[in-house]
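Structure, as structure tokens:
The values are calculated or read from the model by the stated rules, or taken from the named source; none is laboratory data. All values reported here derive from a predicted model rather than from experimental measurement. Don't worry about glycine lacking a Cβ; one is built from the backbone with ideal geometry, like all the others, and counts go over all protein chains shown.
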Amino acid sequence: MSSIQDETIGETPSPQGTGPFLSRVAAVIRSGAVFLLLIALVIGFTAAQPAFININNLMSILQAVSVVAILGAGVTVTLAVGGFDLSIGAVAASSVMAASYAMIVLGLDAFATVPLVLAFGALIGLLNAFVIVRLKVPDLLATLSMMFLLSGLQLIPTAGRSISAGLILPDGSTASGLYDPRFLLIGRYSIAGTVPVAVVLMILVALVLYVLTERTRIGRLLFATGGNEVATRLAGASTTRLKTLAYVISGTLASLGGIIVAARVGRGDVSSGGSLLMDAVAASLIGFTVMGLRRPNVLGTIVGAVFVGVLLNGLTMLNAPYYTQDFVKGAVLAGALALTYGLGRTNP
Amino acid sequence: MHPNFASRLPFTSSSSMSLLSVENLTRSFGTTRALSGASLSIARGEIVALMGANGAGKSTLVKILSGVLSADDGEVTIDGRPFAPRTPAQAAARGIVTVHQSTDLVGAPGLTVADVLLLNRFADRSQPIFVSRGAIRVQAKAMLDAAGFELPLDRDFADLGAADRQLVAIARALSNKADMLILDEPTASLSIGESQRLFEILLRLRAQGLAVLYISHRTADLQAIADRALVMRGGRVVGAFERPIDFSAAIETMIGRKLEAARPDVGAQNGRVIFEMANIKLLATSTPFDLSIREGEVVAITGVLGAGKSRLLSAIFGTGTLASGTMALDGQPYQPNGPAAAIAAGIVMAAEDRHHSSLMPPSWPGNSVAATISLPHLSKWYPQGFLWGNRETREAEQAIKRLRIKTSGPDASIWTLSGGNQQKTVLARWEAEPSRLLLLDEPFQGVDVGARQDIIEAIRGRSDRATLIATSDPEEAFEVADRILVIDHHSVRPAQVHEDKPAAEGIPA
């Protein structure tokens with residue numbers, strides 16, 4: 001009875017439709033909700049604690065969220081092709097270890113380490129894609145096992161030790177390398193004393209990925225793959241290549257995130273990157289709400305990450321205990337999703 | 001065309017002992033009247049064929065009888081007592097069991113045949129909580145013996161062929177003391193041998209007093225077993241044919257006009273051969289056939305569900321494979337390894353079920369009319385990779401004008417369009433760039449009459465390419481095509497449309 005379906009579909013008002021005034025107001029509120037809340041938060045926190053609006057504090061918020069935002073952008077691309085990359089947190093963590101290992105044990109400089117680590121991330125993305133596209137393992141399971149593999153693998157070269165200068169290797173010798181000071185600039189330098197390199201990297205990633213996903217034919221095809229893979233294949237596009245591209249992008253961005261963490265911390269900490277995965281996923285899901293798109297989108301993800309960062313920073317300034325952070329993040333995510341799907345249902 | 005059938009022939013069985021009787025059944029969906037006063041009756045020990053084109057109301061009638069839908073008006077009685085099932089279980093309790101075309105849902109992988117046979121006994125609490133393998137086997141064996149056929153009881157249901165799955169469903173129905181079986185296109189996915197076995201079983205069950213309502217277009221099947229044929233059109237039963245059934249007349253009643261070639265001997269037959277297939281076997285076991293299509297020609301290929309239409313089209317489009325045979329496009333050997341290769345060679349396809357095969361979901365990038373059209377052409381229209389400029393909007397505006405697509409504009413979501421206009425948009429996608437051969441699989445699914453006319457005009461208005469249309473509805477085939485081919489059991493043969501009186505088996509619809 002396809003004709004019946006057609007009729008009901010035909011009656012569904014278009015999102016851009018000229019509905020009654022109220023529903024248009026609701027649409028504006030919904031699409032701008034995160035922005036409005038963000039502004040309200042900034043004003044509220046500033047009123048409560050004037051130091052909040054200080055440019056250095058704002059930059060520190062952005063620096064704090066930069067890694068999550070970059071990883072979230074990667075997750076967003078995999079969501080666009082209808083997949084999901086659960087391995088990004090582990091990729092970032094093992095990139096921290098890889099960067100430290102490259103410099104401290106192998107004695108490489110920043111100009112060799114950075115490409116090496118990015119290639120490592122891309123390779124993991126390629127492996128993920130191979131397992132998902134060729135071996136047809138469902139994306140969640142494939143990237144989940146990659147997550148386990150990596151969190152185990154990163155411990156093996158150093159027998160479970162964190163990597164810092166003077167590390168004693170499993171064979172008893174002492175590592176002679178040091179962190180390249182130029183590498184540390186990625187995490188610690190601020191351009192003109194105010195804009196951290198990490199923030200610049202985040203903005204660059206945001207711009208490049210925004211243009212790629214929303215303004216190019218590749219982006220259209222990436223979304224098409226996630227929207228209707230059969231239709232995309234029947235239109236002559238190679239969905240295997242598109243999915244591979246998405247996972248390679250996500251792996252590479254995760255290793256970029258790892259590089260920033262390594263450059264900030266200055267050592268290869270075995271426990272780094274603990275909450276990165278969940279924060280990045282949350283940012284991209286909150287991103288669905290931003291601008292009322294109800295779909296993965298890069299700008300939304302960045303705004304989502306910043307939103308969570310502002311909230312946590314402000315609450316910390318108001319002396320909210322650190323252990324409430326996860327609860328706050330969870331509440332924001334639940335609220336955002338309710339806003340996206342719940343309100344979306346009642347006011348189509 | 002046959003208004004007299006209604007008055008001349010009773011649609012009720014000659015027997016006074018009618019089991020099921022349906023009076024003036026109506027059912028509407030919105031403004032569409034799927035059933036408008038359908039009446040029929042069926043007696044015990046009778047096999048009644050129900051024929052009708054797509055949209056004639058067959059499936060609505062079956063759904064009402066099997067408790068899936070309820071009627072708006074009219075009366076159904078069993079043995080003189082009113083019957084208005086609200087669920088399939090209620091229908092089964094009154095002895096009416098439907099065996100659907102798709103038998104996947106009869107059981108589940110991991111269950112043995114014996115388990116599946118007893119599945120609803122497990123569910124109705126008539127079995128103890130702890131059951132032994134042996135007890136299940138004994139009961140299942142008893143069920144099969146009662147029905148009179150054999151099945152491998154210990155095989156996994158997933159390993160069963162379509163024919164055996166159907167038998168499982170029938171056996172289960174019979175063990176529940178069914179008085180009437182409704183079979184929906186039961187032979188659609190069966191081989192000739194399997195169909196024969198099913199017929200023998202049905203004839204034996206008929207002798208035991210079972211009533212069967214048998215829905216099929218396959219005249220060969222109906223010839224073999226039907227006692228009567230009822231023909232539906234426009235939501236009512238418009239003709240009844242007693243044995244010996246005149247199937248040509250039945251089909252003419254079904255499509256509402258004389259059988260004749262839509263446009264015989266048009267110039268297209270002098271066109272250059274664009275596409276050729278030789279010694280094609282779709283399955284290793286099917287009969288080989290040849291097929292050639294000329295420039296400017298519109299060829300329709302018709303046959304029942306599962307006859308191989310989609311398999312043929314997907315082999316041409318490179319999404320499926322041929323068991324054997326060769327293809328040539330414009331004289332050059334053609335062997336696509338996927339849709340991309342087929343499109344590059346100039347063969348394009350609008351696949352069946354546009355929602356699944358062509359459209360992006362609502363509120364997802366690419367769900368606008370313009371983006372729906374541009375999807376396969378992005379690299380040609382945007383060679384530099386960036387979606388700058390208004391190429392796709394311009395192309396969409398032209399298509400909207402040419403195909404009379406009713407929409408607010410190129411940016412409108414495809415989901416705000418009616419089924420017919422969605423289909424026009426999908427057609428526009430494949431007409432936006434020149435092609436050699438356009439493949440359309442069921443292009444009139446869920447398309448209203450007006451849009452259908454526009455689509456037919458658009459398809460027929462092009463002489464620079466060939467068109468091959470697969471449709472299970474002979475009426476559509478007659479409307480659109482220069483030439484009609486029939487596919488049956490995965491083999492194509494020409495319909496004898498030029499004869500004065502078409503052979504009935506030539507048009508199994």
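Number of residues in segment B:339-358 that are facing another protein chain (nearest Cβ under 10 Å), more than 22 Å from B:Val486 (Cα to Cα) and outside any helix (DSSP H, G or I): the value is 1.
Quick check, is B:Arg44 surrounded by fewer than 20 Cβ atoms within 10 Å (Cβ to Cβ), more than 14 Å from chain A (Cβ to nearest Cβ) and among the basic types (Lys, Arg)? Yes; evaluated as a whole, the condition is true for this residue.
Give the number of residues within segment B:319-338 that are away from every other protein chain (no Cβ under 14 Å), in a loop (DSSP other than H, G, I, E, B) and among the β-branched types (Val, Ile, Thr).
1
So that you can scan it fast, the table gives a plain yes or no per residue for (1) at pLDDT 95 or above; (2) surrounded by 24 or more Cβ atoms within 10 Å (Cβ to Cβ); (3) assigned to a helix (DSSP H, G or I); (4) among the aromatic types (Phe, Trp, Tyr):
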site	(1), (2), (3), (4)
A:Val199	yes, no, yes, no
A:Leu207	yes, no, yes, no
A:Ala224	yes, yes, yes, no
A:Gly236	no, no, no, no
A:Lys243	yes, no, yes, no
A:Ala254	yes, yes, yes, no
A:Ile259	yes, yes, yes, no
A:Ser272	no, no, no, no
A:Thr289	no, yes, yes, no
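Sub-9 Å Cβ pairs linking a first residue in segment A:267-294 that is away from chain B (no Cβ under 14 Å) and within 27 Å of A:Ala26 (Cβ to Cβ) to a second residue that is crowded, with 18+ Cβ neighbours inside 10 Å and acidic (Asp, Glu), at least 6 apart or interchain, number zero. Here segment B:396-408 is the region considered, the condition is being aliphatic (A, V, I, L, M) and under 30 Å from the mean Cα position of the chain (by Cα), and the residue that is nearest to the other protein chains (Cβ to nearest Cβ) is B:Ile405. Criterion first (over 17 Å from B:His355 (Cβ atoms), away from chain A (no Cβ under 11 Å) and charged (D, E, K, R)) does B:Asp411 satisfy it? It is false that B:Asp411 is over 17 Å from B:His355 (Cβ atoms), away from chain A (no Cβ under 11 Å) and charged (D, E, K, R).
Return yes when A:Arg294 is of a type in the set (Lys, Arg), touching a helix residue (DSSP H, G or I) at 6+ places or on another chain (Cβ under 6 Å) and modelled with pLDDT under 90 and no when it is not. Yes; evaluated as a whole, the condition is true for this residue.
Checked against (1) at pLDDT below 95; (2) crowded, with 22+ Cβ neighbours inside 10 Å; (3) away from chain B (no Cβ under 14 Å), A:Asp6 meets all criteria but (3).
Against the definition (under 16 Å from A:Leu62 (Cβ atoms) and surrounded by 18 or more Cβ atoms within 10 Å (Cβ to Cβ)), how does A:Leu285 come out, yes or no? Taking the combined requirement at face value, the residue does not satisfy it.
The combined condition, being in a helix (DSSP H, G or I), more than 18 Å from A:Ala64 (Cβ to Cβ), of a type in the set (S, T, N, Q) and more than 14 Å from chain B (Cβ to nearest Cβ), is not fulfilled by A:Thr340. Residues in segment B:431-454 that are at pLDDT 95 or above and within 11 Å of chain A (Cβ to nearest Cβ): B:Leu439 alone.
When A:Val230 is tested against (1) within 28 Å of A:Val261 (Cβ to Cβ); (2) at the interface with another protein chain (Cβ under 10 Å from one of its Cβ atoms); (3) of a type in the set (A, V, I, L, M), just one condition goes unmet, and that condition is (1).
Selection of segment B:376-395 for residues being among the aliphatic types (A, V, I, L, M) and either surrounded by fewer than 24 Cβ atoms within 10 Å (Cβ to Cβ) or more than 7 Å from chain A (Cβ to nearest Cβ) (or both) yields only B:Leu387.
Quick grid of which residues meet (1) under 23 Å from B:Gly95 (Cα atoms); (2) in a helix (DSSP H, G or I); (3) in contact (Cβ under 8 Å) with a residue 24 or more places away in the chain:
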position: B:Pro128; (1), (2), (3): no, no, no
position: B:Val131; (1), (2), (3): no, no, no
position: B:Gly134; (1), (2), (3): no, yes, no
position: B:Asp145; (1), (2), (3): yes, yes, no
position: B:Ala158; (1), (2), (3): no, yes, yes
position: B:Ala171; (1), (2), (3): yes, yes, yes
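Name the residue that is nearest to the other protein chains (Cβ to nearest Cβ), counting only residues in segment B:359-368 that are of a type in the set (Gly, Ala, Ser) and within 22 Å of B:Ala432 (Cβ to Cβ). The extreme case among them is B:Gly366.
From the list A:Gly314, A:Gly304, the one residue that fits, being crowded, with 24+ Cβ neighbours inside 10 Å, touching a helix residue (DSSP H, G or I) at 6+ places or on another chain (Cβ under 6 Å), in contact (Cβ under 8 Å) with a residue 12 or more places away in the chain and assigned to a helix (DSSP H, G or I), is A:Gly304.
For segment B:160-169, the set of residues classified as in contact (Cβ under 8 Å) with a residue 40 or more places away in the chain and not in a helix (DSSP H, G or I) consists of B:Leu160 only.
Please work out if B:Ser408 is loosely packed, with under 14 Cβ neighbours inside 10 Å, small (Gly, Ala, Ser) and without any contact (Cβ under 8 Å) to a residue 40 or more places away in the chain. In short, no. Scanning segment A:135-147 for residues that are touching a residue at least 40 places away in the same chain (Cβ under 8 Å) and surrounded by fewer than 16 Cβ atoms within 10 Å (Cβ to Cβ) gives a single hit, A:Leu140. One residue is enough: does segment B:34-55 have a residue meeting the conditions outside any loop (DSSP other than H, G, I, E, B) and among the basic types (Lys, Arg)? Looking through segment B:34-55, none of the residues is outside any loop (DSSP other than H, G, I, E, B) and among the basic types (Lys, Arg). Residues that are over 28 Å from the mean Cα position of the chain (by Cα) and among the charged types (D, E, K, R) were ranked within segment A:9-60; the one that is modelled with the highest pLDDT is A:Arg24. Please verify whether segment A:211-220 includes one or more residues that are outside any helix (DSSP H, G or I), of a type outside the set (Gly, Ala, Ser) and within 14 Å of chain B (Cβ to nearest Cβ). There is at least one residue in segment A:211-220 that is outside any helix (DSSP H, G or I), of a type outside the set (Gly, Ala, Ser) and within 14 Å of chain B (Cβ to nearest Cβ). Of all residues in segment B:404-429, exactly one satisfies the criterion of being farther than 23 Å from B:Glu479 by Cα, assigned to a helix (DSSP H, G or I) and aliphatic (A, V, I, L, M), namely B:Ile414.
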